[in-house]
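Notes follow once the structure below has been shown.
The values are calculated or read from the model by the stated rules, or taken from the named source; none is laboratory data. The model shown is predicted, which means the values in this text are computed figures rather than measured ones. Every residue, glycine as well, gets a Cβ built from its backbone with ideal geometry; the counts of neighbours run over all protein chains shown.
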Amino acid sequence: MRLDRTSREGLYAEEHSHFRETVRRFAREEIAPNFARWEEEGIVARSYWRSGGAAGLLCPQVPEAYGGIGGDFRFNAVVIEELWYAGFAGPAADFSVHSDVCCGYLLSFGSEAQKTKWLPGMISGEVVCAVAMTEPGTGSDLQGVQTRAVGDGDDYALNGQKTFISNGQHCDLVIVVARTRRDAGSAGLSLFLVETDRSGFRRGRNLDKLGHRSADTSEMFFDDVRVPASNLLGTEGRAMAQLMSELPQERLTIAIQSIAAAQKAFDLTCAYVRERKAFGRPVGEFQNTRYRLADLKADLAVGWSFVDQCLGRHVRGALSSEEASIAKLWCSEMHGRVVDQCVQFHGGYGFMREYEICRLYADARVHRIYGGTSEIMRELIARGL
């Protein structure tokens with residue numbers, strides 16, 4: 001299946017089709033030859049970032065004034081779709097956190113000086129960015145953040161710990177959620193740009209994960225890390241509002257990841273059941289197989305339609321938090337159902353890591369957790385009932 005199929009006419013233009021071919025070529029030439037080694041090592045090579053920048057895949061939504069191509073989020077969506085459909089979840093997740101999450105905060109809330117300083121390097125791949133929200137004692141409930149940022153003259157001193165931080169080993173810049181007022185609830189949270197070469201910053205181990213194995217994910221420690229007040233991202237005490245305004249894009253990003261990866265699992269399985277035989281005939285000829293695949297095809301068609309609708313609304317600046325939550329919830333849950341059934345159709349071979357479907361199964365599980373768990377998505381959606 002080609003992800004730029006004609007049923008999506010009206011969403012993408014010719015320039016996006018040309019860009020799509022660039023992404024496919026990059027996946028084929030830059031990721032595929034190295035992917036198995038990166039998965040084994042638990043991290044991509046640093047050169048991967050520079051190659052991605054040279055190919056124009058990083059932060060394509062950044063205006064030309066800062067060195068970007070000035071595209072809209074459809075260019076980001078093309079990168080997401082193609083890398084996840086190619087089956088390269090780890091390297092794709094690295095790029096996505098950098099381009100689709102971190103970059104949005106700088107574009108929306110960064111000062112002119114901050115944008116000028118950091119965006120060109122993020123586009124070229126010379127600067128890798130991460131966002132540090134989660135802590136050992138708090139996940140989706142960001143009001144529980146304990147990392148402190150205390151004003152001290154013209155600086156802030158940061159102290160605390162973060163965990164599950166994507167790009168944690170490679171990052172040069174971290175967007176840190178920290179508490180600037182102790183007893184102010186969500187009004188006491190602020191965002192800071194923290195360079196990882198500052199004294200007192202320390203990376204923990206590269207965490208050993210079920211899936212996304214080539215995506216580096218780390219603990220981080222801040223021991224009296226001093227950052228200038230100019231590193232405050234936006235206004236002090238406004239972090240929760242800033243996070244809420246950017247989370248719809250992050251959740252749409254995960255929905256796109258899920259639908260593309262689920263499509264890949266489905267397409268692999270359709271090919272497999274045509275070849276695999278049981279009781280003297282292809283597994284795909286059995287009624288149970290055909291009917292279950294029909295259900296999965298219907299799920300995918302509905303998912304693509306809603307994701308495309310949400311993407312179009314996001315490009316127009318009209319995507320609501322509720323719509324993004326619905327997209328993230330439905331697509332990630334559907335993703336899990338699809339890969340589970342696809343493993344079943346592969347039988348014992350589906351449990352072997354040498355078969356791609358096994359890796360796709362492992363990579364899928366976190367989609368119902370990161371970016372807000374399915375339970376949190378249901379709570380957010382329920383508030384609008």
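Would you mind finding the one in Ser325, Ser305, Ser332 that is under 19 Å from Gln249 (Cα atoms), without any contact (Cβ under 8 Å) to a residue 24 or more places away in the chain and assigned to a helix (DSSP H, G or I)? Lay out the reasoning, then the answer.
Details: Ser325 fails: without any contact (Cβ under 8 Å) to a residue 24 or more places away in the chain; Ser332 fails: without any contact (Cβ under 8 Å) to a residue 24 or more places away in the chain.
Testing whether each residue is under 19 Å from Gln249 (Cα atoms), without any contact (Cβ under 8 Å) to a residue 24 or more places away in the chain and assigned to a helix (DSSP H, G or I) leaves just Ser305.
Are any residues in region 207-218 touching a strand residue (DSSP E or B) at 6+ places or on another chain (Cβ under 9 Å) and buried (at least 19 other Cβ atoms within 10 Å of the Cβ), and if so, which ones?
His212, Ala215, Asp216, Thr217, Ser218
Of the residues Val62, Val97, Val150, Val127, which single one is among the β-branched types (Val, Ile, Thr) and buried (at least 23 other Cβ atoms within 10 Å of the Cβ)? Talk me through it step by step, then tell me what you get.
Values: Val62 fails: buried (at least 23 other Cβ atoms within 10 Å of the Cβ); Val150 fails: buried (at least 23 other Cβ atoms within 10 Å of the Cβ); Val127 fails: buried (at least 23 other Cβ atoms within 10 Å of the Cβ).
Only one candidate passes the filter, namely Val97.
Filter region 314-334 for residues that are surrounded by 14 or more Cβ atoms within 10 Å (Cβ to Cβ) and of a type in the set (S, T, N, Q); which is nearest to Glu39 (Cα to Cα)?
Of all residues in region 314-334, those surrounded by 14 or more Cβ atoms within 10 Å (Cβ to Cβ) come to 314-315, 319, 321-334.
Then drop every residue that is not of a type in the set (S, T, N, Q), which leaves 321, 325, 332.
Details: Ser321: 34, Ser325: 30, Ser332: 23 Å.
Top of the filtered list is Ser332.
If you go through region 160-198 one residue at a time, how many are over 18 Å from Asp94 (Cα atoms), out of contact with any strand residue (DSSP E or B) (no Cβ under 7 Å at 6 or more places or on another chain) and not hydrophobic (A, V, I, L, M, F, W, C)?
Residues meeting the conditions: 6.
With respect to Ile381, is the statement that it is closer than 21 Å to Arg292 by Cβ, in contact with a Ser or Thr (Cβ under 8 Å, 6 or more places away or on another chain) and assigned to a helix (DSSP H, G or I) true?
On the way: closer than 21 Å to Arg292 by Cβ: no; in contact with a Ser or Thr (Cβ under 8 Å, 6 or more places away or on another chain): yes; assigned to a helix (DSSP H, G or I): yes.
For Ile381, the condition - closer than 21 Å to Arg292 by Cβ, in contact with a Ser or Thr (Cβ under 8 Å, 6 or more places away or on another chain) and assigned to a helix (DSSP H, G or I) - is not met.
How about region 279-336: which of its residues are at pLDDT below 95 and touching a Ser or Thr at 6+ places or on another chain (Cβ under 8 Å)?
Val283
If you scan region 197-216, which residues turn out to be in contact with a helix residue (DSSP H, G or I) (Cβ under 9 Å, 6 or more places away or on another chain) and either of a type in the set (Asp, Glu) or within 22 Å of Ala178 (Cβ to Cβ) (or both)? Break it down stepwise before answering.
From region 197-216, those in contact with a helix residue (DSSP H, G or I) (Cβ under 9 Å, 6 or more places away or on another chain) are 209-216; that's our starting set.
Within region 197-216, just Asp216 meets the criteria.
Would you mind stating whether Ala92 is among the hydrophobic types (A, V, I, L, M, F, W, C) and either at positive phi or out of contact with any helix residue (DSSP H, G or I) (no Cβ under 8 Å at 6 or more places or on another chain) (or both)?
no
State yes or no: is Gly10 under 22 Å from Leu268 (Cβ atoms) and either modelled with pLDDT under 95 or surrounded by 21 or more Cβ atoms within 10 Å (Cβ to Cβ) (or both)? Outline the logic, then answer.
Numbers: under 22 Å from Leu268 (Cβ atoms): no; either modelled with pLDDT under 95 or surrounded by 21 or more Cβ atoms within 10 Å (Cβ to Cβ) (or both): yes.
Criteria not met by Gly10.
Contact list please: Cβ distance under 8 Å, first residue in region 66-79 and within 17 Å of Gly121 (Cα to Cα), second residue acidic (Asp, Glu) and in a helix (DSSP H, G or I), pairs at least six apart or on different chains.
Between residues of region 66-79 that are within 17 Å of Gly121 (Cα to Cα) and residues that are acidic (Asp, Glu) and in a helix (DSSP H, G or I), the close pairs are Gly70/Glu64.
Considering only region 342-378, state which residues are assigned to a helix (DSSP H, G or I) and more than 25 Å from the chain's Cα centre (by Cα). Please lay out each step first, then the result.
First pass over region 342-378, keeping only residues assigned to a helix (DSSP H, G or I): 342-351, 356-368, 374-378.
Result: Gln344, Phe345, His346, Gly347, Gly348, Tyr349, Gly350, Phe351.
Within region 335-355, work out how many residues are closer than 19 Å to Ile256 by Cα and either surrounded by fewer than 17 Cβ atoms within 10 Å (Cβ to Cβ) or among the polar types (S, T, N, Q) (or both).
Result for region 335-355: 2.
Working carefully through the options Gly280, Gly185, find the one that is outside the structural domain of Gly90 (by TED's automatic domain parsing), touching a residue at least 40 places away in the same chain (Cβ under 8 Å) and out of contact with any Leu (no Cβ under 8 Å at 6 or more places or on another chain).
Working: Gly280 fails: touching a residue at least 40 places away in the same chain (Cβ under 8 Å).
Step by step, each of Gly280, Gly185 is checked, and only Gly185 is outside the structural domain of Gly90 (by TED's automatic domain parsing), touching a residue at least 40 places away in the same chain (Cβ under 8 Å) and out of contact with any Leu (no Cβ under 8 Å at 6 or more places or on another chain).
Results for (1) modelled with pLDDT under 95; (2) among the small types (Gly, Ala, Ser); (3) part of a strand (DSSP E or B); (4) assigned by TED's automatic domain parsing to the domain that holds Asn34, shown as yes or no for each residue.
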residue: Ser199; (1), (2), (3), (4): no, yes, no, no
residue: Arg205; (1), (2), (3), (4): no, no, yes, no
residue: Gly211; (1), (2), (3), (4): no, yes, no, no
residue: Ser218; (1), (2), (3), (4): no, yes, yes, no
residue: Asp223; (1), (2), (3), (4): no, no, yes, no
residue: Val227; (1), (2), (3), (4): no, no, yes, no
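Just the residues that are under 25 Å from Gly312 (Cβ atoms) and crowded, with 22+ Cβ neighbours inside 10 Å, please, taken from region 221-245. Don't jump to the end; show me each part of the working.
At the first step, the residues of region 221-245 found to be under 25 Å from Gly312 (Cβ atoms) are 242-245.
Of everything in region 221-245, nothing turns out to be under 25 Å from Gly312 (Cβ atoms) and crowded, with 22+ Cβ neighbours inside 10 Å.
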